[in-house]
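Worksheet: one structure, shown below.
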Amino acid sequence: MALIETQDLRFVYGKGTPFEKEALKGATLAINQGEFIGVIGHTGSGKSTLVQMLNGLLKPDAGKVFLNGTDIWAKPKEIRKVRFEVGLVFQYPEYQLFEETVYKDIAFGPTNKGITDKDELDAIVRRAAEFAGLKESLLEKSPFDLSGGEKRRAAIAGVIAMEPKVLILDEPTAGLDPKGRDRILNQIRKYREQTGSTVLLVSHSMEDIARIADRVLVMNHGNVEMFDTTEKVFQQGEHLAEIGLKVPQVTQIFLELKKLGADVDTGVYTMEQAKAGVLSYLRGSETEGGSGA
């Protein structure tokens, strides 16, 4: 049984107004325990609407969301419990920081979850800060005195502290410099490896998704366009381009080499694979040249 499953999800913004927009048109998918899912799509594709439905922030106009086989809207008054199980980190989450100290901000979620023992709460806060790559020396500071990257990590720690089964991050590296982006992604990867949690990462960066995801969900005009392994999705470079997306640059290079007649694998999407692919091609060329002599 899938950990999260959706059936024919539909949602309309501004229903009955001149600004009515159908954001989801029947999204059906299944996500298993421990998977790292990359979510991509052009602006307005429905990806943010979808992830907000997975933790009950938005209620579908039609269709269902299941968590561990249970419809999350079966008991509407208990939807808050779902948000402890499926944690969502919004784009620019630092705008959600509001407590006097970073420590109190991280403690807010687990406290509302019902954790009252001080020692247990302290352990949870410090563990979440460590998972998010936040230095212990920053915990007693005001969140508003932190750098941009530190604020981002503090906000992520606040969601991790609720110990969700599913961690969803909507563009967590937006606006960060390359070093800050790499730090955030590395911490997310370590968190998933150490906890076995299911992670969904929404991103416009094809390179980031290629580096970190097991499977990739492609949204297009409110529909699930593709949902497959990272390799198989990025092999569809031309199709991705048709819907306004770009494959990783290294994949594009191999697609162009293929067009020029080179016998290369176009399923390459990381630098390590590219290096291996080039070496394999060169060895093949040397062999052909030798046998031709």
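Just so it is clear, none of the values below were taken in a lab; they were calculated from the coordinates. Treat the numbers as computed from the prediction; the structure is a model and nothing was measured. Glycine also receives a Cβ, built like all others from the backbone with ideal geometry; neighbour counts cover every protein chain displayed.
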> Roughly what angle does helix 271-292 make with the longest principal axis of the chain, taking Cα atoms, 0 to 90 degrees, to the nearest 10?
Replying inline: 10
> So for 1, 271, 206, fewest C-beta neighbours within 10 Å to most, what's the order?
Replying inline: 1, 271, 206
> Please identify the GluC sites (Glu not before Pro) of region 132-197 that satisfy two criteria: DSSP loop assignment and at most 11 other Cβ atoms within 10 Å. Which are they?
Replying inline: 140
> Under a point spin-label approximation (7 Å from Cα along Cα-to-Cβ), what is the residue 177-residue 118 distance to one decimal in nm?
Replying inline: 4.0
>> Could you identify which residue out of 220, 32, 112 has the top mean-square fluctuation in a GNM of the chain using Cα springs shorter than 10 Å?
In response: 112
> From a point 7 Å beyond the Cα of residue 74 in the direction of its Cβ, which residues of region 27-42 have a backbone N at a distance under 18 Å?
Replying inline: 31
> Which aspartates and glutamates, on any chain, are close to residue 75 with Cα under 19 Å apart, when same-chain ones fewer than 8 places away are left out?
Replying inline: 5, 61, 85
> Hey, what number do you get for the chain at 222 nm if only DSSP H runs of n ≥ 4 count, each worth -39500 (n - 2.57), divided across all residues, to the nearest 500?
Replying inline: -13000 deg cm²/dmol
>> Could you tell me the relative contact order of region 151-290? Use alpha-carbon pairs under 8 Å, at least six residues apart, and round to a whole percent.
In response: 16
> So for 152, 283, 189, fewest C-beta neighbours within 10 Å to most, what's the order?
Replying inline: 283, 189, 152
> Tally Lys/Arg at +1 and Asp/Glu at -1 over every other residue whose Cβ is under 13 Å from the Cβ of residue 204; what's the total?
Replying inline: -1
> Of 21/81; 77/165; 81/165; 77/113; 25/165; 21/165, which pairs sit farther than 23 Å apart, going by alpha carbon to alpha carbon?
Replying inline: 21/81; 25/165; 21/165
> About the Cα centre of the chain, what is the dipole size in debye to 20, counting +1 per Lys and Arg Cβ and -1 per Asp and Glu Cβ, all else neutral?
Replying inline: 540
> Tally Lys and Arg at +1 and Asp and Glu at -1 over the other residues with C-beta under 15 Å from the C-beta of residue 222: what net charge comes out?
Replying inline: 0
> List the lysines whose alpha-carbon lies under 22 Å from that of residue 259, not counting same-chain residues fewer than 8 positions away?
Replying inline: 232, 246, 275
> Helix 102-113 sits at what angle to the longest principal axis of the chain, using alpha carbons and giving 0 to 90 degrees rounded to 10?
Replying inline: 80
>> Taking 0.36 nm per residue of sequence separation and subtracting the Cα-Cα distance, how much length would be gained by fully extending the chain between residue 99 and residue 33, in nm to one decimal?
In response: 20.5 nm
> Among 175, 261, 63, whose mean-square fluctuation peaks in a Gaussian network model of the chain (Cα, cutoff 10 Å)?
Replying inline: 261
> Quick one: if you stick a label point 7 Å off each Cα along the C-beta vector at residue 256 and residue 272, how many nm between them?
Replying inline: 2.6
> Got the relative contact order for region 1-148 handy, in percent, Cα pairs under 8 Å and 6 or more residues apart?
Replying inline: 20
>> Using only the alpha-carbon atoms, how far is helix 148-160 inclined from the longest principal axis of the chain? Give it as 0 to 90 degrees, nearest 10.
In response: 70
>> Quick check on packing: order 121-134, 7-20 by the mean number of other C-beta atoms within 10 Å, highest mean leading.
In response: 121-134, 7-20
> If contacts are Cα pairs under 8 angstrom and at least 6 residues apart, what is the relative contact order of the chain in percent?
Replying inline: 21
